[in-house]
Amino acid sequence: GSGDADADKAYKTVLDAYCEENADVDYQLTYIPWSDYFTKLNTGLAGASGPDIFMLGYGQIGSVQRAGNLLNLSEYLPEDWDGYDDFYENILEICQRDGDYYALFKPSNRTVFYRKDIAEQNGVTEEELNIKSPEDFEKLVEKMTVRDDSGNVVTYGLEIDPDEVQELFTYMGMFTDEPALWDDDYLAVYDQDAGIQAMEYMNKLYESGNVCFQDAAAGTTGVASGVAAMAIDANQGYVTDDSAFPGQIGCIKNEMPTLLIGDYLAANANSKNPDVAADMLLHMFSKESLKQFAEIAGHYSGRKSLNEDYIKINPDYENIVYSYDKSFSYGKPMHPNFGEAQSNIGPAMESVFNGTDAAATLKDSAAQWNAVVEAGK
């Protein structure tokens, strides 16, 4: 990643504390831009020169695990580990394959952030900021749109990322209690009712004139740029939006399911020091360490016992925490072909926004997904 100052300080604080307690251990912390990261990581893993501990995303962990490069942490987790009861069950589940743990997870669900000043200006009530249905959200988008006296949009009510699978999944949560992109055989299910309804709904919102598309070149959401009054983003997006509009960013209270996503931290199966790597990894996910990550860098812990501490950092985080027990991962953990399989979803979404039939387009996309999965078996 970028190694931004707050994250860098948090990691060094946590790792320095481990080394103080383990005088024979030292570490080297390296940040690699995402554009180069997985090429370099895979090269290192293949040549047995990879790092002892490394970060992975949803799109990579399945293939790295299948290649045998992840240390089985179940062999190192103590029977009385406090994380078994403290972490949310859904956060623990996505770290497992066939009942064994191959990583630990730094979570970030998808939240709707909004401009408080625009909500106040347009007379939006607290009740309207608590969305319980697609209809509630549609009404809120309309009410958050700012228009001039001639009816021209000054600030869009909502920004949509038109080719992002995370966005599609989040809207699927408005139409089913258990959203999923794939089933237990890793085959696509996003072409079924919830996916079709979500895609049609997103298109309807866009056609209302109250919604803009995210500008990929902008490098930030429309909320941070001032183009839109609301946007769906990762938890950390609050900090970026708030830096643009200090004190004016809030989090919608969402009663519907949303996406659980984030970053995996794993240990190298070929580490020359597997005991230390596993022990340091567990240290990074201890209550004390995760509290420091939250206080220094604003990272949510995933530990229920730290929820109150997280909210004390910023009362606006209460609605982020509220959504975690209703947050879903894409499907059965560690999809070995996810990175390649999902590549056609974005173009399919854009095609629907350009006028093609949602059901037929998603069906074609799912067929391409399934072909990748079958070829990868």
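The values are calculated or read from the model by the stated rules, or taken from the named source; none is laboratory data. Just so we're clear, the structure is a prediction, and the values are computed from it rather than from any experiment. Cβ: placed from backbone, ideal geometry, glycine included. Neighbour counts: every protein chain shown. Keep in mind that these areas ignore ligands, DNA and RNA; they rest on the heavy atoms of the full protein, side chains included. Shrake-Rupley method; radii C 1.70, N 1.55, O 1.52, S 1.80 Å.
Using only Cα atoms, find the angle between the long axis of helix 34-46 and the longest principal axis of the chain, and express it within 0 to 90 degrees, rounded to the nearest 10.
Around 30 degrees separate the two axes.
With a 10 Å radius around each residue's Cβ, average the other Cβ atoms per peptide and rank 339-348, 40-49, highest first.
Highest-to-lowest ranking by the protection proxy: 339-348, 40-49.
Work out the length of the dipole vector of the stretch 67-221 about its Cα centre, built from +1 on the beta-carbon of each Lys and Arg and -1 on the beta-carbon of each Asp and Glu, and round it to the nearest 20 debye.
Computed about the Cα centre, the dipole is about 740 debye.
Mind ranking 252-260, 281-289 by how tightly packed they are, going by the mean number of other C-beta atoms within 10 angstrom, highest first?
Result, highest mean first: 252-260, 281-289.
What nm distance separates the two modelled labels at Q121 and D82, each placed 7 Å from Cα along Cα→Cβ?
Reported label-point gap for Q121 and D82 is 4.6 nm.
Considering amide H positions built from the backbone, and no H for Pro or chain starts, which residues 5 or more places from L259, or on another chain, come under 5 Å of its amide H?
The answer is R110, F328.
Using θ = phi - 60° and the Karplus curve 6.51 cos²θ - 1.76 cosθ + 1.60, what whole-Hz ³J(HN,Hα) does each residue of the stretch 246-255 get, with Gly and Pro shown as x?
x, x, 10, 10, x, 10, 5, 7, 10, 8
Mind giving me the nanometre distance, one decimal, between the label points for D357 and A371, set 7 Å out from Cα along Cα→Cβ?
2.0 nm
What percentage of the solvent-accessible surface of the chain, computed with a 1.4 Å probe over protein heavy atoms, is contributed by carbon and sulfur atoms?
The computed percentage sits at 44.
Going by the alpha-carbon gyration tensor, a ≥ b ≥ c the square roots of its eigenvalues, is the stretch 181-289 rounded (a/c under 1.5) or, if a/c is not under 1.5, prolate (a/b greater than b/c) versus oblate?
Here the stretch 181-289 falls in the oblate category.
How big is the charge dipole of the stretch 1-75 about its Cα centre, in debye rounded to the nearest 20, if each Lys and Arg gets +1 on its Cβ and each Asp and Glu gets -1 on its Cβ?
Around 480 debye, computed over the stretch 1-75.
How many angstrom lie between the Cα centre of the stretch 251-324 and the Cα centre of the stretch 75-147?
13 Å
What FRET efficiency do you get for K9 and S74 if R0 is 25 Å and r is their Cβ-Cβ distance, rounded to the nearest 0.05?
After rounding, the FRET efficiency stands at 0.20.
Taking the mean number of other Cβ atoms within 10 Å as a proxy for protection, how do you rank 218-228, 2-12, 144-154, 129-139 from highest to lowest?
218-228, 129-139, 2-12, 144-154
Once amide H atoms are built 1.01 Å from N in the peptide plane, which residues 5 or more positions from M230, or in another chain, come under 5 Å H to H?
L158, E159
Over the stretch 290-377, give the accessible area per residue in Å² for a 1.4 Å probe, as an integer.
43 Å²
Would you calculate a helix-derived [θ] at 222 nm for the chain, using -39,500 (n - 2.57) for each DSSP H run of n ≥ 4 and dividing by the full residue count, to the nearest 500?
Value at 222 nm, helices only, nearest 500: -12500 deg cm²/dmol.
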